[in-house]
1. Would you check which residues across segment 675-695 are buried (at least 16 other Cβ atoms within 10 Å of the Cβ) and modelled with pLDDT under 90 and list them?
2. Just to be sure, is Gln492 farther than 19 Å from Pro539 by Cα, at pLDDT 90 or above, outside the structural domain of Gln250 (by TED's automatic domain parsing) and part of a helix (DSSP H, G or I)?
3. Do we have any residue at all in segment 274-288 that's crowded, with 18+ Cβ neighbours inside 10 Å and assigned to a loop (DSSP other than H, G, I, E, B)?
4. Looking only at segment 124-161, count how many residues are out of contact with any helix residue (DSSP H, G or I) (no Cβ under 7 Å at 6 or more places or on another chain), polar (S, T, N, Q) and either assigned to a loop (DSSP other than H, G, I, E, B) or touching a residue at least 40 places away in the same chain (Cβ under 8 Å) (or both).
5. Does Arg510 satisfy being over 20 Å from Leu459 (Cα atoms) and of a type in the set (Lys, Arg)?
6. What pairs come out if I take residues in segment 407-426 that are closer than 13 Å to Leu448 by Cβ and pair them with residues that are among the hydroxyl-bearing types (Ser, Thr, Tyr) and part of a loop (DSSP other than H, G, I, E, B) whose C-beta lies under 7 Å away, six or more apart or interchain?
7. Just checking, how many residues over segment 503-525 are closer than 14 Å to Pro373 by Cβ, in a loop (DSSP other than H, G, I, E, B) and of a type in the set (S, T, N, Q)?
Amino acid sequence: WRGSVSPQLREEAWRGFAALDDPLTALLDMLESSRGWRRKGPSLEAWVTCELQRWLQARPLPGPAQCSSRLKQLQARAVRVLAESPPSLVEPLVSIFQLQDADRSPLLTHIHRLHQEGKFKEAVMLGLELKLQPELDVEKMSTPLLLQDKVTLVERYVAGFPDLQRRLLALLDSWCRPGFDIRAVARQHPQVTCLRLERLSPRVLSRQALSLLERQGLDPALCPNAVTQQRLAALHYLCYKRFVERSVSQENWTDHVQGLVGEDEWLREELLRLLASSDNEAMAARCALDLSLPEERLPAAVAAELRQLKLQERSTPSRTPEMPFEDRRVDYYQLPIAREDIHFLASWEDLARHEDELLQPGQVVGVDLEWRPSFGTGGRPQASIMQVAVEGRVFLLDVRVLSRPAGGQVSQAFSRLVSQLLSDPSITKLGYGMAGDLRSLGASCPALAHVEKQLRGSLDLLQVHRQMRAVDKPALGRGEARGLRGLSLLVQQVLGKPLDKSQQLSNWDRRPLSEGQLVYAAADAYCLLGVYQALCREPASFSLPEDLARSLRPGCSERSGGQELPSLQEASALAWQVPVAENEDAAPEVPARAFRVVCDNMLQGLARSLRCLGADVLVLGAGEDHRRAAEVARQEGRIILTSGLPYHKLRAQVGAGRCLSVDCSLKAQQQAKAVLKHFNVHVTRADIFSRCQACNCDQYLKVSKDMMKQLVWLNSHQEGPSS
């Protein structure tokens, strides 16, 4: 029985049901007298059961009374059948025989039997169908599925039961506590196969716990360990931005780290460890001084630098003042307006004074938002500043002040002005990743929660940028080798100089904003106008296709019925459709299996994609320094693929043509295509899947199905390093 059924057969079955005096008893008689339905896969008995369920739903008959002895007898028989049923029959049987209202004792006994037999998913699914979750131990039911990374099913299991959701969160949070070893839990469940312990690291678990917490609207205090793990991840990120990229100022770094660490002794210990691992003793000493860390806990070299800094502080207590507006470094995009043309609006009077300028019909405006980074330790970030740039001026709207109190006069005036601006199709709104910005705005101002649906006459330059990178060389575009990305990269490619992003991670909730923050916020919005004008003027210079170029021109936007921009999916997909151009100076063709590279840890998706195509790819470990890539490249003749600012240092160590900077904002497949195109790598059908994605080995051994099952079981139960 393959389950391929004609409408005529279904009609015949339904006529048969209608002719029966007691369809429910007849169904049980059929199931009890045959065995074909007990195995997995389609069967005639299973099809008849599902059809009877549909027939009863379409033409409900007066069945036995809810508490009648006859119904109880039918339910008792149905429970015995259910005990042997495959998962596909559970829902029909529950519906037909109203088992959710049956005697719970035999149902609970059956669920416990399934659990003891190692059928953890079946036990949870049956409890879910019968709504028996409150009568089952949520930790016992959830743990085996969590070990198999079936988090979505566990979330379905506790949905609608707040107490169970809290207990699940408490379980996940207990696995996030410092020093916890998930292998101890796995050893307590030897029946669990296909363990996914690598998906149960404290960092991954903390993200899952906080995501569930946010979706259910519960108090973060329920997950203190998960919050601590996210704060630790944020510390790692900030140290990378400060010590490796050097893209965060000392002041902003200190401000964020103080907020993350607070009085938590464990996080303080982790911070000391991170500072001790830095190879820049002077910078580490400055951080230790600003955070008042104990000198005796620091490495000797850092402690010596710290003592020197303290002496300098006593002799010259004043710090170097912040660089003024006029003296910004000339190697970054320069705001082409005077400082007095940046207006900070923080009151009803400010809004009324500039309303006509903001809502002038027919103009083009750049829109951006800034918020204090939460580093994943809170809910959705709430906007602090909304920037609106018009020709010659930038308005910075103080969202935190103007949106409070909700429903007040100022809040109403602010939300009305923003709604008019965004919904007016005659005003062209430019942005870069506008959807995320508008969601943040809605989180800050409830009256604007659905403003994204009101948006008219907008152009998201992120889509245009993706189109440019799809047509041009994605991995080695202008500026990408310098570690630029996002809007800063687009501005560099179009206007010649990147944005100075040093204030991006500053505290945007602080008032008053610093001079650097005001200039940064204004430049972030005003540069959109310059990019838009340049693209409209010379679209061919930026490899824009003709239809997209037309949609950029004034008068061809959404309000005039012109052709719309391609969707994000279409723009991304184009990267795989661009043919390789003929080039006389192209590099000699390299067979895929002879192509040997080493990737940094941020490019694991790219590594797997290249291995799928036969390339020999090594990946640095999470704790390995970038200098290790240079050593491996020199010793084994490999090419380095990197994703950050270490590109210049690495290129200097291995020579020209042996190091490539990859754009992390692209998907792994797009990155792989760009790398193959850049190095002229030739892939044949025989190369595909010639290497293992996980270990990079190109040797395969054919084994039987039974041996494979044993190997999977052994692998899931072996004593390995804790993830």
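1. Matches in segment 675-695: Lys677, His678, Phe679.
2. Values: farther than 19 Å from Pro539 by Cα: no; at pLDDT 90 or above: yes; outside the structural domain of Gln250 (by TED's automatic domain parsing): yes; part of a helix (DSSP H, G or I): yes.
Judged against the criteria, Gln492 is not a match.
3. Yes, some residue in segment 274-288 is crowded, with 18+ Cβ neighbours inside 10 Å and assigned to a loop (DSSP other than H, G, I, E, B).
4. Qualifying residue count, segment 124-161: 1.
5. Numbers: over 20 Å from Leu459 (Cα atoms): yes; of a type in the set (Lys, Arg): yes.
So Arg510 fits the description; yes.
6. Ser411/Ser403; Phe414/Ser403
7. 4
Each row is one residue, and each column tells you yes or no for (1) buried (at least 17 other Cβ atoms within 10 Å of the Cβ); (2) touching a Lys or Arg at 6+ places or on another chain (Cβ under 6 Å); (3) not aromatic (Phe, Trp, Tyr).
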| position | (1), (2), (3) |
| --- | --- |
| Trp175 | yes, no, no |
| Pro178 | no, no, yes |
| Ala186 | yes, no, yes |
| Val192 | yes, no, yes |
| Glu198 | no, no, yes |
| Pro202 | yes, no, yes |
| Leu210 | yes, no, yes |
| Gly217 | no, no, yes |
| Pro224 | no, no, yes |
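The values are calculated or read from the model by the stated rules, or taken from the named source; none is laboratory data. Computed from a predicted structure; not experimentally measured. Please note: Cβ atoms are built from the backbone with ideal geometry, for glycine as well, and neighbour counts cover all protein chains shown.
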